[in-house]
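Below you'll find the structure, written out as structure tokens, and then a few comments.
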Amino acid sequence: MQRRTTEAPCDPIFVERWSPRSFDTTPISAEQMKILLEASRWAPSAMNEQPWFFLVALSEEDRNLFKQCLVQENLIWAANAGALVLVLKRIHYTKTGTPNPTAEFDTGLATMSLILQAEKLGLATHPMGGFHREITIEKLGVDVTQYEPICFIAIGHRAPPEQLPERFRDREFPKGRKPQCEISQYGKFKP
Ligand SMILES: Cc1cc2nc3c(=O)[nH]c(=O)nc-3n(C[C@H](O)[C@H](O)[C@H](O)COP(=O)(O)O)c2cc1C
């Protein structure tokens, strides 16, 4: 079991965020989503390329469409979330047309900004790599010559674990982390 104790006093927002599965059906407003997207805009990126792209489902019609892209194991709990977002990366630099090797990294940075802004608004998020790539491309009209889908994010209001199917309930808690010594070293790499 990885531990939840902190090793240094970082801002609590990093430690207190976690990804629940239990969401209630309260909608996410267009104003809230605009704030989340605004936070993502200001992330750093190589050459200031900003290679991220977010496809947002807020309306019931759009959420029903996006739900068809999720694997069953995610759909079961993500179906309630007020918003579903598909995170994509732009594969090539817009200026040169050459492959952008850090596009996914940059998109991750922008996504974390969106996630932490959601926390600040009292919303919860849960990223999902479990989706059907081909169905997503077809249903959401992704131009794969330009974009690659990376993950979906469920965004919504937390609900009690009791409303989840039983097998998900005991996973509804903040997870621990590896110690700093397993993820960092000072100086030359020491295997
Ligand atoms: C790229 C990515 C893909 C993920 N895919 C899934 C997924 O398909 N289903 C799921 O339940 N959780 C998924 N997660 C959530 C992780 O399991 C979770 O972030 C991790 O266990 C740490 O827990 P925490 O976010 O609550 O701190 C994903 C997270 C990331 C960043």
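No value in this document is a laboratory result; all are computed from the given coordinates. All values derive from a computational prediction rather than experimental measurement. No Cβ is skipped: glycine too gets one built from the backbone with ideal geometry, and neighbour counts run over all protein chains shown.
For the range 150-191, state which chymotrypsin sites (Phe, Trp or Tyr not before Pro) are in a DSSP loop and have at most 15 other beta carbons lying within 10 Å of their beta carbon.
Answer by residue number: Tyr186, Phe189.
Starting from one equal scatterer on each C-alpha and no solvent at all, send me the Debye-based log10 I(q)/I(0) for the range 12-162 at q = 0.10, 0.17, 0.20, 0.21 Å⁻¹, two decimals.
The computed values of log10 I(q)/I(0) come out as -0.33, -0.96, -1.28, -1.37.
Let me have the 222 nm mean residue ellipticity of the chain computed from DSSP H runs of 4+ only, each contributing -39500 (n - 2.57), with the sum over all residues rounded to the nearest 500.
So the helix-based figure for the chain works out to -9500 deg cm²/dmol.
Any chance you could run the full-extension gain for Asp24 through Phe168? It's 0.36 nm times the residue separation minus the Cα-Cα distance, nm to one decimal.
50.3 nm
Relative contact order for the chain: what is it in percent, counting Cα pairs under 8 Å that are at least 6 residues apart?
Contact order relative to length: 34 percent.
Can you give the log10 of the normalised intensity I(q)/I(0) at q = 0.23, 0.32 Å⁻¹, computed with Debye over equal Cα scatterers of the range 23-65?
Taking Cα atoms of the range 23-65 as identical point scatterers yields -0.87, -1.18.
Please give, to one decimal in nm, the separation of the simple spin-label points placed at Glu104 and Glu134, each 7 Å out from Cα toward the Cβ.
Using points 7 Å along Cα→Cβ, the separation is 2.1 nm.
Determine the gain in length on full extension of the stretch Thr5-Ile76; use 0.36 nm per residue of separation and subtract their C-alpha separation, reporting nm with one decimal.
Length gained, Thr5 through Ile76: 22.4 nm.
Could you order peptides 57-69, 169-181 by the average number of other Cβ atoms within 10 Å of their residues, highest first?
Those peptides, ordered most packed to least, come out 57-69, 169-181.
Over the Cα atoms of the range 85-191, what radius of gyration and what Dmax do you get, in Å?
For the range 85-191, the Cα radius of gyration and maximum Cα-Cα distance read 18.1, 52 Å.
Could the peptides 3-16, 93-106 be put in order, highest first, of the mean number of other beta-carbon atoms found within 10 Å of their residues?
93-106, 3-16
In nm, give the distance between the simple-model label positions of Gln146 and Ala46, each being 7 Å from the Cα along the Cα-to-Cβ direction.
2.1 nm
Can you flag which of Lys34/Lys95; Lys89/Lys178; Lys95/Lys120; Lys34/Lys67; Lys34/Lys120; Lys34/Lys89 are past 25 Å Cα-Cα?
Those over the limit are Lys34/Lys95; Lys89/Lys178; Lys95/Lys120.
Using 7 Å Cα-to-Cβ label points, what is the His92/Ser184 separation (nm, one decimal)?
Modelled inter-label distance: 3.9 nm.
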